[in-house]
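The values are calculated or read from the model by the stated rules, or taken from the named source; none is laboratory data. Everything numeric here is computed off the predicted structure, so don't read it as measured data. So basically every Cβ, Gly included, is an ideal-geometry build from the backbone, and we count neighbours across all protein chains shown. Side chains are part of the model used for accessible areas, which takes the heavy atoms of the whole protein and leaves out ligands, DNA and RNA. Shrake-Rupley method; radii C 1.70, N 1.55, O 1.52, S 1.80 Å.
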Amino acid sequence: MNIEQRIEQLRTQIDEYNYKYYVLSQPEITDFEFDNLLNELIDLETKHPEFYDPASPTQRVGSDLNSEFQEVEHIYPMLSLSNTYSEEDLMDFDKRIKKIITQEFQYVCELKYDGASISLTYENGRLIHALTRGDGVKGDNITNNVKTIKSIPLKLKKNTYPDLFTVRGEIFFNTADFKRMNEEREKNGEPVFANARNSASGTLKTQNSSIVAKRPLECFLYYLLSNNLPTNSHLDNLKLAHSWGFKVPLQYIERVNSIEEVIAFVDKWDEQRSELPFEIDGIVIKVDSLELQKELGFTAKSPRWAIAYKFKAEQVETRLMSIDYQVGRTGAVTPVANLEPVLLAGTTVKRASLHNAEQIAYHDIRLNDFVYIEKGGEIIPKVVGVNKEKRSPEAEPIKYISNCPACGTELIKKEGEAKHFCPNEYGCSPQIRGKLEHFVSRKAMDINMAQATIEQLFTNGLIKDITDLYALRKEDLLKLDRFAEKSAQNIIDSLEESKKIPFERVLFALGIRFVGETVAKTLARHFKTIDNLKNASYDDLIAVNEIGGVIADSVVQFFNTEASRNMVEKLQEIGLQFEVIENTETTNKSFDGKSIVISGTFTKFSREELKEMIEKHGGKNVSSISKKTDYLVAGENMGPSKLEKAQSLGIKIINEEEFMELLNA
């Protein structure tokens with residue numbers, strides 16, 4: 001046997017032992033024997049670098065070299081699930097689906113693992129990259145860190161998988177492993193980790209993969225995506241993924257026939273979750289049929305065919321000592337309770353949200369009361385009630401502030417809104433800092449500037465509003481602490497690069513109240529230029545599809561403010577993009593006003609490319625067939641239900657070639 005053959009033999013053996021130990025929990029050899037094989041392989045690969053393989057099991061040990069994470073676009077957007085907290089909401093979810101789906105269907109119920117989401121892409125059976133969720137469109141490439149997790153295969157076992165596919169999952173710590181790790185850290189004089197979920201997420205973003213390799217991370221996989229999945233069943237595909245080498249916890253997954261069986265599954269695991277060897281925070285329910293999933297489609301933020309049932313948050317009691325008032329970037333004032341420290345869901349809580357004046361009055365919360373605290377979505381602590389039996393005579397009624405705690409301006413409270421607001425939008429320092437942080441954020445102008453840098457620039461008087469960012473010089477930055485030639489130049493380059501950011505994101509970056517990413521995109525596409533939007537009346541705005549009265553009011557008010565208009569004019573002079581740049585190659589309006597459904601797989605273009613063509617040529621992509629649909633673009637492997645519905649409604653059905661003919665007409 002030559003050197004190359006021995007290396008391949010060792011890799012195959014070690015991969016098999018890893019699979020049996022970490023995925024099947026069926027160890028076949030001792031740790032000593034395993035280490036001997038691994039050390040032999042490391043030695044051979046070191047001496048013969050010509051046989052390097054990125055999928056070798058030696059790549060799991062990690063590297064001591066620090067590396068910055070690069071952003072990579074997800075092949076399929078990584079959306080969040082809608083949350084629900086009651087049986088009634090689950091019943092409503094079932095009713096919504098049955099309004100669209102008239103045939104029999106099944107649900108798949110899975111545990112909602114409490115960790116960090118991951119997206120793994122495999123090509124020809126090999127892991128090519130691992131991405132965090134990020135903003136759902138792009139994620140950080142943490143492949144080197146993920147390679148250290150033994151239960152994630154670098155090469156797949158069987159050849160029945162698609163040539164290219166993505167699998168989604170959750171990375172977490174088992175409860176016992178997390179406890180042992182903290183005990184070890186305490187013994188070594190290191191700070192212990194507060195909770196397993198945050199520790200898993202933080203570990204994955206560590207820029208030294210050898211540190212990641214030393215931590216006992218685990219991974220469960222729960223969803224496959226590809227243009228040619230082997231079956232039409234979500235659960236059957238998971239079973240196949242398990243045979244390829246993925247750790248899919250099939251023992252905790254169940255296919256059911258009704259929403260009543262879903263609720264029974266929820267109740268079972270709500271009672272038994274404390275017996276699990278890992279943490280969960282709810283149950284995920286999905287329609288099993290992939291064809292029906294396609295028919296149900298998506299909202300802007302989440303799939304219509306799935307929902308997450310969240311278990312009731314843990315609740316503790318502690319004393320309310322005092323109240324601070326925080327001002328956000330929109331001027332909204334939030335009262336924050338200062339508490340006697342208390343342990344809640346693995347973290348020590350000293351502060352919690354009191355929401356607003358109405359909630360304080362509703363619960364009759366007083367200073368020195370014993371209050372109930374829970375975590376909203378098990379993340380943000382909030383005060384949810386008072387133990388009035390423990391109320392002492394010293395408990396003082398809370399008098400809500402009438403002036404801004406930052407700038408002293410008298411607060412206002414608009415009719416129909418719960419929060420008080422500081423109207424001093426351009427003179428209140430927390431609002432200015434908040435607007436600056438929003439403006440430079442990744443989803444807005446994507447300027448290479450951290451929150452600490454914004455604070456430093458603001459404190460030193462170098463920036464007073466967002467227009468000042470573009471007046472910064474490298475010499476200004478070099479005078480500040482922690483700035484060197486390279487970091488200063490990076491910021492200047494990033495500011496210059498931001499001038500290419502398209503209008504819709506610039507509009508979002510302005511921070512107009514109620515104008516989020518989706519609304520900004522809608523307004524930009526409709527009005528085309530900032531001048532058209534600036535001059536639009538309330539009636540012009542509400543005439544736009546999906547723009548309601550609250551948004552219209554906010555936009556009109558923004559442009560009626562002299563400071564806002566001046567800011568926009570300065571940004572126009574600086575050279576930011578304030579109009580939609582039409583692609584000269586696609587200026588015709590072949591699909592103007594047409595509603596089009598794309599379904600199936602295609603030979604010349606991907607579904608996303610076809611959808612982009614539709615939008616660029618004036619059409620609208622819709623996910624489900626209705627009487628308002630103009631065309632169904634039918635590809636291979638299209639579900640029969642969608643085809644039948646289109647035929648019954650007399651919708652024009654075209655193939656890829658006919659689509660291109662219409663496009664070029």
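Things worth noting here:
- Unmet requirement for Tyr223, which otherwise passes all of (1) under 29 Å from Met91 (Cβ atoms); (2) out of contact with any Lys or Arg (no Cβ under 7 Å at 6 or more places or on another chain): (2)
Here is a yes/no grid of residues against (1) hydrophobic (A, V, I, L, M, F, W, C); (2) modelled with pLDDT of 80 or more; (3) in contact with a Pro (Cβ under 6 Å, 6 or more places away or on another chain); (4) surrounded by 17 or more Cβ atoms within 10 Å (Cβ to Cβ):
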residue	(1), (2), (3), (4)
Tyr19	no, no, no, yes
Phe32	yes, no, no, no
Asp35	no, no, no, no
Glu50	no, no, no, no
Arg60	no, no, no, yes
Glu73	no, yes, no, no
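- Flag for Glu396 being touching a strand residue (DSSP E or B) at 6+ places or on another chain (Cβ under 7 Å), of a type outside the set (Phe, Trp, Tyr), exposed (fewer than 14 other Cβ atoms within 10 Å of the Cβ) and closer than 22 Å to Asn195 by Cβ: no
- The one condition in (1) in contact with a Gly (Cβ under 9 Å, 6 or more places away or on another chain); (2) open to solvent by 30 Å² or more (accessible area, probe 1.4 Å); (3) more than 30 Å from Cys109 (Cβ to Cβ) that Ile365 fails to fulfil: (2)
- Residue within the stretch 261-274 that is open to solvent by 70 Å² or more (accessible area, probe 1.4 Å) and touching a helix residue (DSSP H, G or I) at 6+ places or on another chain (Cβ under 6 Å) present: no
- Here Ser86 passes the criteria (1) surrounded by 19 or more Cβ atoms within 10 Å (Cβ to Cβ); (2) free of Cβ contacts under 8 Å to residues at least 60 places away in the same chain; (3) of a type in the set (Gly, Ala, Ser) except the one numbered (1).
- Residue list for the stretch 483-502, filter: more than 30 Å from Arg525 (Cβ to Cβ) and without any contact (Cβ under 8 Å) to a residue 24 or more places away in the chain: Phe483, Ala484, Glu485, Lys486, Ser487, Ala488, Gln489, Ile492
- Qualifying residue in the stretch 156-173 (condition: closer than 21 Å to Leu276 by Cα, part of a loop (DSSP other than H, G, I, E, B), open to solvent by 10 Å² or more (accessible area, probe 1.4 Å) and in contact with a helix residue (DSSP H, G or I) (Cβ under 9 Å, 6 or more places away or on another chain)): no
- Top-ranked residue in the stretch 310-322 [being open to solvent by 30 Å² or more (accessible area, probe 1.4 Å) and either within 12 Å of Ile280 (Cα to Cα) or among the aliphatic types (A, V, I, L, M) (or both); ranked as modelled with the lowest pLDDT]: Lys312
- Within the stretch 130-145, being over 12 Å from Val167 (Cβ atoms), open to solvent by less than 40 Å² (accessible area, probe 1.4 Å) and more than 11 Å from the chain's Cα centre (by Cα) holds for Asp140, Ile142, Thr143, Asn145.
Here's the yes/no breakdown for (1) more than 16 Å from Ile492 (Cα to Cα); (2) hydrophobic (A, V, I, L, M, F, W, C):
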site: Pro423; (1), (2): yes, no
site: Cys428; (1), (2): yes, yes
site: His438; (1), (2): yes, no
site: Ala444; (1), (2): yes, yes
site: Asn448; (1), (2): no, no
site: Ile463; (1), (2): no, yes
site: Tyr470; (1), (2): no, no
site: Glu475; (1), (2): no, no
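- The residue of the stretch 606-655 that is farthest from Gln103 (Cα to Cα), among those that are open to solvent by less than 40 Å² (accessible area, probe 1.4 Å) and in a strand (DSSP E or B), is Ile654.
- Within the stretch 371-393, the set of residues being part of a loop (DSSP other than H, G, I, E, B), open to solvent by 40 Å² or more (accessible area, probe 1.4 Å) and either in contact with a helix residue (DSSP H, G or I) (Cβ under 7 Å, 6 or more places away or on another chain) or not β-branched (Val, Ile, Thr) (or both) comprises Arg391, Pro393.
- Residue identified as open to solvent by 10 Å² or more (accessible area, probe 1.4 Å), under 30 Å from Glu417 (Cβ atoms) and β-branched (Val, Ile, Thr) among Thr299, Thr347: Thr299
- Boolean, Glu104 is open to solvent by less than 10 Å² (accessible area, probe 1.4 Å) and either acidic (Asp, Glu) or free of Cβ contacts under 8 Å to residues at least 24 places away in the same chain (or both): no
- In the set (1) assigned to a strand (DSSP E or B); (2) open to solvent by 20 Å² or more (accessible area, probe 1.4 Å), Val284 fails one condition alone, (2).
- Check on Ser226, among the hydroxyl-bearing types (Ser, Thr, Tyr) and open to solvent by 50 Å² or more (accessible area, probe 1.4 Å): no
- Test result for Arg505, over 24 Å from Phe421 (Cα atoms), of a type in the set (D, E, K, R) and in contact (Cβ under 8 Å) with a residue 60 or more places away in the chain: yes
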